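Chemist: Sharing a structure below in C-alpha coordinates format, with a few things to ask.
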Amino acid sequence: MSRPSSSAFRTRVTGLNALGTHVLRVTVTHPDLEHFGTVGLDTRIKLLLPRADGVVPGLGLFDDPPATIGEWYGRWRALPDDERNPLRTYTVRNVRPEAREIDIDFVLHGTSGPASAWAQDAQIGDELVVLGPDARSDEPYRGTAWHPEGARRVMLAGDETAAPAILAILESLPDDVAGDAFIEVPDCGDILEATVHPGLEVHWLPRAERECGAALLPAVERWAEAHLSARGGRVAEEDPTSDGILWEEPEGAPRETYAWIAGESGVVRDLRRLLVAHGIDKADVAFMGYWRRGHAEGA
Ligand SMILES: Cc1cc2nc3c(=O)[nH]c(=O)nc-3n(C[C@H](O)[C@H](O)[C@H](O)COP(=O)(O)OP(=O)(O)OC[C@H]3O[C@@H](n4cnc5c(N)ncnc54)[C@H](O)[C@@H]3O)c2cc1C
(Lines give C-alpha, C1' and ligand atoms only; values in the text may rest on other atoms or scores of the structure.)
Protein backbone atom coordinates (compact mmCIF):
# COMPACT_ATOMS: atom_id res chain seq x y z
CA MET A 1 0.00 0.00 0.00
CA SER A 2 1.37 3.43 -0.88
CA ARG A 3 2.20 5.93 1.86
CA PRO A 4 -0.63 8.40 2.64
CA SER A 5 -0.28 11.92 1.25
CA SER A 6 0.04 13.40 4.73
CA SER A 7 2.03 12.39 7.81
CA ALA A 8 2.29 13.49 11.41
CA PHE A 9 5.58 15.02 12.52
CA ARG A 10 6.36 15.24 16.25
CA THR A 11 8.37 18.45 16.03
CA ARG A 12 10.21 20.63 18.54
CA VAL A 13 10.37 24.42 18.53
CA THR A 14 13.81 25.74 17.55
CA GLY A 15 13.04 29.36 16.74
CA LEU A 16 10.69 32.10 17.91
CA ASN A 17 10.85 35.36 15.95
CA ALA A 18 8.47 38.28 16.29
CA LEU A 19 7.87 39.37 12.68
CA GLY A 20 5.27 41.98 13.62
CA THR A 21 3.36 43.31 16.59
CA HIS A 22 0.85 40.46 16.21
CA VAL A 23 2.84 37.90 14.21
CA LEU A 24 5.19 35.30 15.65
CA ARG A 25 7.23 33.01 13.41
CA VAL A 26 7.62 29.61 15.04
CA THR A 27 10.32 27.39 13.53
CA VAL A 28 10.06 23.70 14.30
CA THR A 29 12.31 20.76 13.54
CA HIS A 30 12.25 16.97 13.32
CA PRO A 31 14.52 14.58 11.37
CA ASP A 32 11.53 13.46 9.26
CA LEU A 33 10.89 17.02 8.03
CA GLU A 34 13.47 16.07 5.42
CA HIS A 35 10.43 14.50 3.73
CA PHE A 36 7.96 17.37 4.26
CA GLY A 37 6.25 18.36 0.97
CA THR A 38 7.61 21.50 -0.68
CA VAL A 39 4.68 22.68 -2.82
CA GLY A 40 4.48 25.86 -0.71
CA LEU A 41 1.77 28.31 -1.91
CA ASP A 42 -1.19 28.19 0.51
CA THR A 43 -0.47 24.63 1.67
CA ARG A 44 -2.54 24.05 4.78
CA ILE A 45 -1.40 21.97 7.70
CA LYS A 46 -3.04 20.82 10.91
CA LEU A 47 -1.58 21.39 14.34
CA LEU A 48 -2.48 19.03 17.17
CA LEU A 49 -1.92 21.18 20.23
CA PRO A 50 -1.18 19.93 23.73
CA ARG A 51 -4.09 19.87 26.17
CA ALA A 52 -3.96 22.13 29.24
CA ASP A 53 -2.23 19.27 31.11
CA GLY A 54 0.39 19.06 28.35
CA VAL A 55 -0.75 15.69 26.99
CA VAL A 56 -0.91 14.95 23.26
CA PRO A 57 -2.54 11.55 22.71
CA GLY A 58 -0.90 9.40 20.06
CA LEU A 59 -4.16 8.55 18.22
CA GLY A 60 -2.14 5.96 16.32
CA LEU A 61 -0.38 8.72 14.36
CA PHE A 62 3.05 7.41 15.32
CA ASP A 63 2.35 3.68 15.05
CA ASP A 64 4.04 1.60 12.37
CA PRO A 65 2.21 1.74 10.01
CA PRO A 66 0.57 4.98 11.14
CA ALA A 67 -3.20 5.29 11.47
CA THR A 68 -4.96 6.50 8.33
CA ILE A 69 -6.63 9.93 8.37
CA GLY A 70 -10.02 8.27 8.83
CA GLU A 71 -8.71 6.21 11.77
CA TRP A 72 -6.93 8.92 13.78
CA TYR A 73 -9.61 11.51 13.09
CA GLY A 74 -12.30 9.06 14.23
CA ARG A 75 -10.35 8.38 17.43
CA TRP A 76 -9.85 12.11 18.01
CA ARG A 77 -13.58 12.81 17.53
CA ALA A 78 -14.46 9.97 19.91
CA LEU A 79 -12.41 11.40 22.79
CA PRO A 80 -14.45 13.04 25.60
CA ASP A 81 -14.59 16.83 25.18
CA ASP A 82 -12.22 17.47 28.08
CA GLU A 83 -9.64 15.03 26.68
CA ARG A 84 -9.77 16.10 23.04
CA ASN A 85 -6.77 18.18 22.01
CA PRO A 86 -7.32 21.35 20.03
CA LEU A 87 -6.77 20.73 16.31
CA ARG A 88 -6.17 23.90 14.28
CA THR A 89 -5.43 24.75 10.64
CA TYR A 90 -2.39 26.83 9.65
CA THR A 91 -0.24 27.53 6.59
CA VAL A 92 3.29 26.26 6.23
CA ARG A 93 5.19 29.48 5.45
CA ASN A 94 8.61 28.03 4.61
CA VAL A 95 9.93 24.51 4.20
CA ARG A 96 13.68 23.77 4.47
CA PRO A 97 14.00 20.00 4.01
CA GLU A 98 17.81 20.13 4.11
CA ALA A 99 17.67 21.78 7.56
CA ARG A 100 14.68 19.58 8.54
CA GLU A 101 12.75 22.72 9.48
CA ILE A 102 9.49 24.45 8.68
CA ASP A 103 8.19 27.90 9.66
CA ILE A 104 4.65 28.65 10.77
CA ASP A 105 3.57 32.29 11.21
CA PHE A 106 1.06 32.59 14.06
CA VAL A 107 -1.22 35.59 14.45
CA LEU A 108 -1.31 36.44 18.15
CA HIS A 109 -4.96 37.35 18.73
CA GLY A 110 -5.02 36.80 22.48
CA THR A 111 -5.37 33.82 24.76
CA SER A 112 -9.03 32.88 24.10
CA GLY A 113 -7.90 30.50 21.35
CA PRO A 114 -5.61 27.59 22.26
CA ALA A 115 -3.42 28.00 19.18
CA SER A 116 -2.79 31.70 19.71
CA ALA A 117 -2.30 31.08 23.45
CA TRP A 118 0.13 28.24 22.73
CA ALA A 119 2.20 30.43 20.39
CA GLN A 120 2.22 33.33 22.83
CA ASP A 121 3.74 31.10 25.54
CA ALA A 122 5.88 28.91 23.28
CA GLN A 123 9.43 28.15 24.41
CA ILE A 124 12.38 26.67 22.57
CA GLY A 125 12.11 22.88 22.92
CA ASP A 126 8.30 22.74 23.16
CA GLU A 127 6.63 19.91 21.27
CA LEU A 128 4.20 20.57 18.41
CA VAL A 129 2.54 17.81 16.38
CA VAL A 130 2.23 18.93 12.76
CA LEU A 131 0.16 17.06 10.17
CA GLY A 132 1.24 17.96 6.68
CA PRO A 133 2.30 16.79 3.21
CA ASP A 134 4.64 13.82 2.94
CA ALA A 135 6.88 14.04 -0.12
CA ARG A 136 7.45 10.26 -0.03
CA SER A 137 3.82 9.64 -0.97
CA ASP A 138 2.74 8.95 -4.56
CA GLU A 139 -0.67 10.44 -3.82
CA PRO A 140 -1.32 14.18 -4.27
CA TYR A 141 -1.73 16.22 -1.07
CA ARG A 142 -5.01 18.04 -1.53
CA GLY A 143 -4.14 20.92 0.75
CA THR A 144 -3.75 23.90 -1.58
CA ALA A 145 -6.58 26.12 -2.81
CA TRP A 146 -4.49 28.19 -5.28
CA HIS A 147 -5.50 27.04 -8.79
CA PRO A 148 -4.90 29.99 -11.18
CA GLU A 149 -4.94 27.70 -14.25
CA GLY A 150 -2.78 29.98 -16.41
CA ALA A 151 -4.30 33.35 -15.41
CA ARG A 152 -2.03 36.28 -16.32
CA ARG A 153 -3.64 38.71 -13.84
CA VAL A 154 -4.21 37.82 -10.22
CA MET A 155 -5.71 39.55 -7.22
CA LEU A 156 -5.22 38.24 -3.70
CA ALA A 157 -7.01 39.66 -0.68
CA GLY A 158 -6.93 38.65 2.93
CA ASP A 159 -6.27 39.52 6.52
CA GLU A 160 -3.28 38.79 8.74
CA THR A 161 -4.14 35.07 8.94
CA ALA A 162 -3.90 34.89 5.14
CA ALA A 163 -0.62 36.83 4.93
CA PRO A 164 1.57 33.68 5.11
CA ALA A 165 -0.33 32.11 2.21
CA ILE A 166 -0.47 35.31 0.15
CA LEU A 167 3.24 36.00 0.53
CA ALA A 168 4.20 32.40 -0.29
CA ILE A 169 1.98 32.48 -3.40
CA LEU A 170 3.39 35.83 -4.57
CA GLU A 171 6.96 34.60 -4.15
CA SER A 172 6.15 31.69 -6.46
CA LEU A 173 4.69 33.70 -9.34
CA PRO A 174 6.57 33.97 -12.65
CA ASP A 175 7.42 37.39 -14.16
CA ASP A 176 4.62 37.22 -16.75
CA VAL A 177 1.90 37.15 -14.08
CA ALA A 178 0.85 40.62 -12.95
CA GLY A 179 -1.27 41.41 -9.97
CA ASP A 180 -2.14 43.02 -6.71
CA ALA A 181 -2.31 41.70 -3.17
CA PHE A 182 -4.31 43.46 -0.48
CA ILE A 183 -3.45 42.44 3.08
CA GLU A 184 -5.33 43.95 6.00
CA VAL A 185 -3.32 43.82 9.23
CA PRO A 186 -4.07 44.97 12.79
CA ASP A 187 -1.58 47.88 12.70
CA CYS A 188 1.50 49.32 10.98
CA GLY A 189 3.73 47.09 13.10
CA ASP A 190 2.38 44.07 11.22
CA ILE A 191 3.58 45.11 7.78
CA LEU A 192 5.99 42.36 6.71
CA GLU A 193 8.77 42.15 4.17
CA ALA A 194 7.67 40.84 0.79
CA THR A 195 10.08 39.67 -1.91
CA VAL A 196 8.09 39.84 -5.12
CA HIS A 197 8.81 40.68 -8.76
CA PRO A 198 8.05 44.22 -10.02
CA GLY A 199 4.81 43.23 -11.77
CA LEU A 200 3.21 42.47 -8.43
CA GLU A 201 2.14 45.08 -5.93
CA VAL A 202 1.53 44.39 -2.24
CA HIS A 203 -0.84 46.82 -0.52
CA TRP A 204 -0.61 46.63 3.28
CA LEU A 205 -3.75 47.97 4.91
CA PRO A 206 -3.52 48.68 8.67
CA ARG A 207 -6.95 48.23 10.28
CA ALA A 208 -6.05 50.38 13.28
CA GLU A 209 -8.85 49.55 15.75
CA ARG A 210 -11.55 49.41 13.08
CA GLU A 211 -13.75 46.39 12.27
CA CYS A 212 -12.28 43.50 10.26
CA GLY A 213 -12.63 44.34 6.59
CA ALA A 214 -12.86 48.12 7.12
CA ALA A 215 -9.65 48.72 5.17
CA LEU A 216 -9.83 45.68 2.87
CA LEU A 217 -13.32 46.08 1.38
CA PRO A 218 -12.87 49.62 -0.03
CA ALA A 219 -9.39 48.78 -1.36
CA VAL A 220 -10.67 45.70 -3.22
CA GLU A 221 -13.66 47.68 -4.49
CA ARG A 222 -11.31 50.27 -6.02
CA TRP A 223 -9.34 47.44 -7.65
CA ALA A 224 -12.55 45.90 -9.02
CA GLU A 225 -13.68 49.24 -10.46
CA ALA A 226 -10.35 49.65 -12.22
CA HIS A 227 -9.89 46.08 -13.47
CA LEU A 228 -13.24 44.39 -13.95
CA SER A 229 -15.60 45.04 -16.79
CA ALA A 230 -18.56 45.93 -14.52
CA ARG A 231 -20.87 43.53 -16.31
CA GLY A 232 -22.86 43.40 -13.09
CA GLY A 233 -22.74 39.68 -12.44
CA ARG A 234 -25.38 37.99 -10.37
CA VAL A 235 -24.60 38.33 -6.69
CA ALA A 236 -24.29 34.83 -5.37
CA GLU A 237 -26.10 33.50 -2.34
CA GLU A 238 -23.44 31.21 -0.95
CA ASP A 239 -24.22 28.02 0.86
CA PRO A 240 -22.15 28.03 4.00
CA THR A 241 -20.74 24.62 4.83
CA SER A 242 -22.24 22.88 7.80
CA ASP A 243 -20.02 24.66 10.31
CA GLY A 244 -20.71 28.01 8.65
CA ILE A 245 -17.25 28.41 7.16
CA LEU A 246 -17.27 29.47 3.51
CA TRP A 247 -15.05 27.55 1.15
CA GLU A 248 -14.82 27.20 -2.62
CA GLU A 249 -11.71 26.48 -4.63
CA PRO A 250 -12.57 26.28 -8.32
CA GLU A 251 -10.08 24.51 -10.58
CA GLY A 252 -9.84 23.23 -14.10
CA ALA A 253 -10.86 25.95 -16.57
CA PRO A 254 -8.28 28.32 -18.12
CA ARG A 255 -8.91 31.95 -17.17
CA GLU A 256 -7.66 35.53 -17.67
CA THR A 257 -8.06 36.91 -14.17
CA TYR A 258 -8.02 34.90 -10.97
CA ALA A 259 -8.94 36.12 -7.51
CA TRP A 260 -8.05 34.43 -4.22
CA ILE A 261 -9.64 35.60 -0.98
CA ALA A 262 -9.15 34.33 2.58
CA GLY A 263 -9.65 35.62 6.07
CA GLU A 264 -12.54 36.22 8.44
CA SER A 265 -15.56 34.41 7.03
CA GLY A 266 -17.99 37.33 6.93
CA VAL A 267 -15.44 39.61 5.27
CA VAL A 268 -14.61 36.89 2.73
CA ARG A 269 -18.30 36.57 1.85
CA ASP A 270 -18.62 40.35 1.39
CA LEU A 271 -15.50 40.47 -0.79
CA ARG A 272 -16.74 37.71 -3.03
CA ARG A 273 -20.12 39.38 -3.44
CA LEU A 274 -18.37 42.62 -4.32
CA LEU A 275 -16.26 40.96 -7.02
CA VAL A 276 -19.23 39.09 -8.49
CA ALA A 277 -21.26 42.32 -8.51
CA HIS A 278 -18.41 43.88 -10.51
CA GLY A 279 -18.67 41.16 -13.11
CA ILE A 280 -16.05 38.57 -12.19
CA ASP A 281 -17.04 35.02 -13.06
CA LYS A 282 -17.74 33.04 -9.91
CA ALA A 283 -15.52 30.28 -11.24
CA ASP A 284 -12.58 32.72 -11.21
CA VAL A 285 -12.69 33.37 -7.47
CA ALA A 286 -11.37 31.07 -4.76
CA PHE A 287 -12.68 32.07 -1.37
CA MET A 288 -11.81 30.55 1.96
CA GLY A 289 -13.10 31.44 5.42
CA TYR A 290 -9.96 31.03 7.55
CA TRP A 291 -11.70 31.87 10.84
CA ARG A 292 -15.06 33.09 12.06
CA ARG A 293 -15.63 35.90 14.50
CA GLY A 294 -17.01 34.56 17.79
CA HIS A 295 -16.48 30.88 16.87
CA ALA A 296 -13.56 28.61 17.72
CA GLU A 297 -12.31 26.50 14.80
CA GLY A 298 -14.52 23.42 14.42
CA ALA A 299 -17.07 24.73 16.92
C1 LIG B 1 -6.37 27.00 5.46
C2 LIG B 1 -6.12 27.89 6.67
C3 LIG B 1 -4.87 28.44 6.86
C4 LIG B 1 -4.62 29.26 7.96
N5 LIG B 1 -3.35 29.78 8.13
C6 LIG B 1 -3.08 30.54 9.23
C7 LIG B 1 -1.75 31.00 9.48
O8 LIG B 1 -0.80 30.69 8.76
N9 LIG B 1 -1.56 31.79 10.56
C10 LIG B 1 -2.59 32.13 11.43
O11 LIG B 1 -2.35 32.83 12.41
N12 LIG B 1 -3.84 31.68 11.21
C13 LIG B 1 -4.11 30.89 10.15
N14 LIG B 1 -5.37 30.41 9.95
C15 LIG B 1 -6.43 30.85 10.86
C16 LIG B 1 -6.46 30.06 12.15
O17 LIG B 1 -6.70 28.69 11.89
C18 LIG B 1 -7.60 30.62 13.03
O19 LIG B 1 -7.36 31.94 13.38
C20 LIG B 1 -7.85 29.75 14.27
O21 LIG B 1 -9.14 30.04 14.73
C22 LIG B 1 -6.85 30.03 15.38
O23 LIG B 1 -7.10 29.11 16.43
P24 LIG B 1 -7.14 29.55 17.96
O25 LIG B 1 -7.06 28.30 18.72
O26 LIG B 1 -6.12 30.63 18.20
O27 LIG B 1 -8.57 30.24 18.12
P28 LIG B 1 -10.01 29.48 18.18
O29 LIG B 1 -10.10 28.62 19.37
O30 LIG B 1 -10.29 28.85 16.87
O31 LIG B 1 -10.98 30.73 18.36
C32 LIG B 1 -11.14 31.36 19.64
C33 LIG B 1 -11.73 32.77 19.42
O34 LIG B 1 -10.77 33.56 18.74
C35 LIG B 1 -11.33 34.14 17.56
N36 LIG B 1 -10.27 34.19 16.54
C37 LIG B 1 -9.72 33.18 15.87
N38 LIG B 1 -8.75 33.63 15.05
C39 LIG B 1 -8.71 34.96 15.22
C40 LIG B 1 -7.91 36.00 14.66
N41 LIG B 1 -6.94 35.76 13.77
N42 LIG B 1 -8.13 37.28 15.08
C43 LIG B 1 -9.08 37.56 16.01
N44 LIG B 1 -9.87 36.61 16.57
C45 LIG B 1 -9.67 35.33 16.19
C46 LIG B 1 -12.49 33.23 17.18
O47 LIG B 1 -13.47 33.95 16.47
C48 LIG B 1 -12.99 32.76 18.54
O49 LIG B 1 -13.89 33.70 19.08
C50 LIG B 1 -5.65 29.55 8.88
C51 LIG B 1 -6.90 28.97 8.70
C52 LIG B 1 -7.15 28.14 7.62
C53 LIG B 1 -8.50 27.51 7.45
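Chemist: Would you mind checking which residues have amide H under 5 Å from residue 62's amide H? H placed 1.01 Å from N; only 5 or more apart, or other chain.
Modeler: Amide H neighbours of residue 62: 67.
Chemist: Tell me which GluC sites (Glu not before Pro) from segment 110-203 have a DSSP coil assignment and no more than 14 other beta carbons within 10 Å of their own.
Modeler: Sites meeting the loop and neighbour criteria: 149, 193.
Chemist: Could I ask something else about it? If a/c stays under 1.5 just call it rounded; otherwise compare a/b with b/c (prolate if a/b is bigger, oblate if not). Do that for segment 1-121, with a ≥ b ≥ c from the square roots of the Cα gyration tensor eigenvalues.
Modeler: oblate
Chemist: What longest range of the chain stays clear of loop-exposed trypsin sites (Lys or Arg not before Pro) (DSSP non-H/G/I/E/B, at most 16 other C-beta within 10 angstrom)?
Modeler: 235-292
Chemist: For every other residue with a beta carbon closer than 11 angstrom to the beta carbon of residue 86, add +1 if it is Lys or Arg and -1 if Asp or Glu, then tell me the sum.
Modeler: My count for the surroundings of residue 86 gives +3.
Chemist: Quick check for me: using +1 on Lys/Arg Cβ and -1 on Asp/Glu Cβ, what's the dipole size of segment 6-133 about its Cα centre, in debye to the nearest 20?
Modeler: Here segment 6-133 has a charge dipole of around 260 debye.
Chemist: Hey, rough spin-label estimate for residue 122 and residue 210, points 7 angstrom out along Cα→Cβ, what's it come to in nanometres?
Modeler: My value for the distance between the label points is 3.1 nm.
Chemist: Something else now. For residue 118, what charge total do you get from the other residues with a beta carbon under 10 Å from its beta carbon, if Lys and Arg give +1 and Asp and Glu give -1?
Modeler: -1
Chemist: Let me ask you something else. If you average the alpha carbon positions of segment 42-79 and of segment 103-144, how far apart do those two centres end up, in angstrom?
Modeler: Result: 13 Å between the Cα centres.
Chemist: FRET efficiency for residue 12 and residue 222, Cβ-Cβ distance as r, R0 = 51 Å, nearest 0.05?
Modeler: 0.65
Chemist: With a 1.4 Å probe and all protein chains left in place, how much of the accessible area of the chain comes from carbon and sulfur atoms, in whole percent?
Modeler: The nonpolar share, carbon plus sulfur, comes to 49 percent.
Chemist: Going by amide H atoms built from the backbone, whose H comes under 5 Å of the H on residue 161, apart from near neighbours?
Modeler: Sorted by chain and number, the residues that satisfy this come to none at all.
Chemist: So what is the relative contact order for the chain, in percent, with contacts set as C-alpha pairs under 8 Å and at least six apart?
Modeler: 20 percent
Chemist: Now for a different question. Among 172, 4, 161, which residue has its Cα positioned farthest towards the positive end of the charge dipole of the chain, with +1 placed on the Cβ of Lys and Arg, -1 on the Cβ of Asp and Glu, and the dipole taken about the Cα centre?
Modeler: The one lying farthest along the dipole's positive direction is 4.
Chemist: Ordering 21, 161, 195, 14 from largest to smallest accessible area (1.4 angstrom probe), what's the sequence?
Modeler: 195, 21, 14, 161
Chemist: A follow-up question, please. Based on a Kirkwood Rh over C-alpha pairs, give the Stokes-Einstein translational diffusion coefficient of the chain at 20 °C and viscosity 1.002 mPa s in µm²/s.
Modeler: Translational D for this selection: 107 µm²/s.
The values are calculated or read from the model by the stated rules, or taken from the named source; none is laboratory data. Keep in mind the model is a prediction, meaning the values are calculated, not measured. No Cβ is skipped: glycine too gets one built from the backbone with ideal geometry, and neighbour counts run over all protein chains shown. Keep in mind that these areas ignore ligands, DNA and RNA; they rest on the heavy atoms of the full protein, side chains included. Shrake-Rupley method; radii C 1.70, N 1.55, O 1.52, S 1.80 Å.
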